[in-house]
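This report concerns only the one structure given below.
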Amino acid sequence: APPGTARQPAPLPESAISSAASARRAPEVRLLYTASHKQACRAVAFSADGRTCATGCMDGSIKILDCGRMRACAASTEGTIGRMRVTEEELSKPIVRTLQDHVLGVTCVAFHPTNPTLFSGSLDKAVKIFDLTRPPGHKKAFSVLQDVHAVRCINVHPCGDFLFVGTGHQVVRLYDLQTLNCFTTFNQAQHHSGAITDLRCSSDGRTFASASSDGSIGLWDAVSHRLINRLPKAHSGMSVTSLRWSRGQRYLLSSGCDGRNRVWDVRNGQELFCMGFGPRSCEFGLGVFVGGERYVAGANSNVRSSDVGLYDAATGSPVFMKLGMHQMAVRGLEASPVDNTLITACDDHSARYFSVEERD
């Protein structure tokens with residue numbers, strides 16, 4: 001698909017789910033930029049201001065990209081004359097820096113909400129902390145949190161003082177970023193019985209959700225670190241692999257190894273609707289709210305449906321079954337917090353930056 005020009009985003013609604021979906025045309029999805037990696041790309045994240053994003057690769061490297069430059073690069077390559085002017089050097093300009101401090105593949109990345117700091121987790125059982133104010137030549141982390149299990153997911157508390165870490169172990173770790181001390185819940189019965197696959201804290205910092213290979217979703221008090229509610233067999237007993245909060249914190253989007261995305265009302269723990277198609281078995285599933293939470297973008301490891309699909313967030317009905325822009329499994333998926341853009345990490349060694357815009 002040819003690259004396009006980003007438009008001014010429409011005002012974003014406060015709630016993720018409306019009571020009734022208004023009739024509208026399918027949005028226009030444009031590929032704005034493709035960042036190449038040496039190996040499979042497995043992790044992506046946006047900064048809180050939406051100006052930069054990070055991509056993690058299985059060779060242990062992390063690329064930091066400037067979103068404004070990616071949009072400008074798409075504009076410069078639009079049209080026949082534009083394609084003749086663009087050079088290889090100009091195409092690489094969005095890549096601000098490359099970090100290299102992991103010895104195994106990067107599985108997750110996350111930005112600090114206020115400081116120019118990046119966190120990354122890896123199969124090498126370590127969480128690395130990078131200072132992005134250092135000159136681009138500095139590729140090493142300034143601090144390390146070492147674990148004894150492969151790190152699968154990380155999430156920074158909105159206040160910026162704590163880091164949630166999920167590993168191949170069943171216990172959720174909470175790190176104090178001032179002292180680097182690690183905390184867990186005292187009640188052993190509240191722990192998951194399988195590996196932690198995703199962790200997401202609500203925007204007000206009061207609650208966090210955990211997903212596990214045991215098939216359940218845990219809702220926790222982020223202050224006392226005690227379990228509030230558990231959604232057992234959230235995806236037909238299969239592993240839950242992805243979680244996202246709506247900005248109103250009333251709804252939770254989950255994805256699992258049943259190849260489906262589900263929206264939950266966290267007030268009563270009830271499932272509102274299910275999205276997805278194809279076989280009900282896969283290695284992993286991903287889902288994010290996108291386009292001002294008007295849509296849900298989902299992906300999983302099924303060969304026939306490994307591309308990204310787009311669904312109406314108010315009804316769960318499909319908008320695009322497949323975008324047709326990925327030929328291999330999409331392993332990372334994230335939506336910008338400030339505009340209608342989306343970035344994907346794919347096993348074809350690429351990260352792709354899209355815009356999802358309403359048609360006139």
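The values are calculated or read from the model by the stated rules, or taken from the named source; none is laboratory data. Remember, predicted model here, so these are calculated numbers, not experimental data. Please note: Cβ atoms are built from the backbone with ideal geometry, for glycine as well, and neighbour counts cover all protein chains shown. Quick note on the areas: whole protein, heavy atoms, side chains included, nothing else; ligands and nucleic acids left out. Shrake-Rupley method; radii C 1.70, N 1.55, O 1.52, S 1.80 Å.
Okay, here's what the table says:
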item	result
Most fluctuating residue given options V144, V263, V290, as computed from a GNM of the chain linking Cα atoms under 10 Å	V144
Mean accessible surface per residue for the chain, computed with a 1.4 Å probe while every protein chain stays in place, in Å²	43
Convex hull of the chain built on C-alpha atoms - directionally averaged projected area, nm²	17.0
Contact order normalised by residue count of the stretch 206-339, Cα under 8 Å, 6+ apart, percent	15
Choice from G218, G332, G248 with maximal GNM fluctuation in the chain (Cα, 10 Å cutoff)	G248
Cα centroid separation - the stretch 211-286 against the stretch 94-142, whole Å	28
Net dipole in debye of the chain [+1 Lys, Arg Cβ; -1 Asp, Glu Cβ; about Cα centre; nearest 20]	180
The chain: relative contact order as a whole-number percent, Cα under 8 Å and 6+ apart	17
Accessible area of H169 in the full protein assembly, 1.4 Å probe (Å², nearest 10)	60
Exposure of R30 as accessible area (Å², to 10), given a probe of 1.4 Å and all protein chains	60
Extreme residue, positive dipole direction of the chain, given options V356, L145, S317 (C-beta unit charges)	S317
Bridge type composition, the chain - antiparallel percent by DSSP, nearest 5	100
Computed [θ] at 222 nm, helices only, for the chain once each DSSP H run of length n ≥ 4 contributes -39500 (n - 2.57)	-1500 deg cm²/dmol
Paired Rg and Dmax values of the stretch 198-354, which use every Cα atom, in angstrom	14.7, 45
Apportionment of accessible area to carbon and sulfur, the chain, percent (1.4 Å)	50
Candidates G278, G105, G60: whichever shows maximal mean-square fluctuation once the chain is modelled as a Gaussian network with Cα springs under 10 Å	G278
Sites Q327 and S203 - FRET efficiency at Förster radius 41 Å, r taken between beta-carbons, to 0.05	0.70
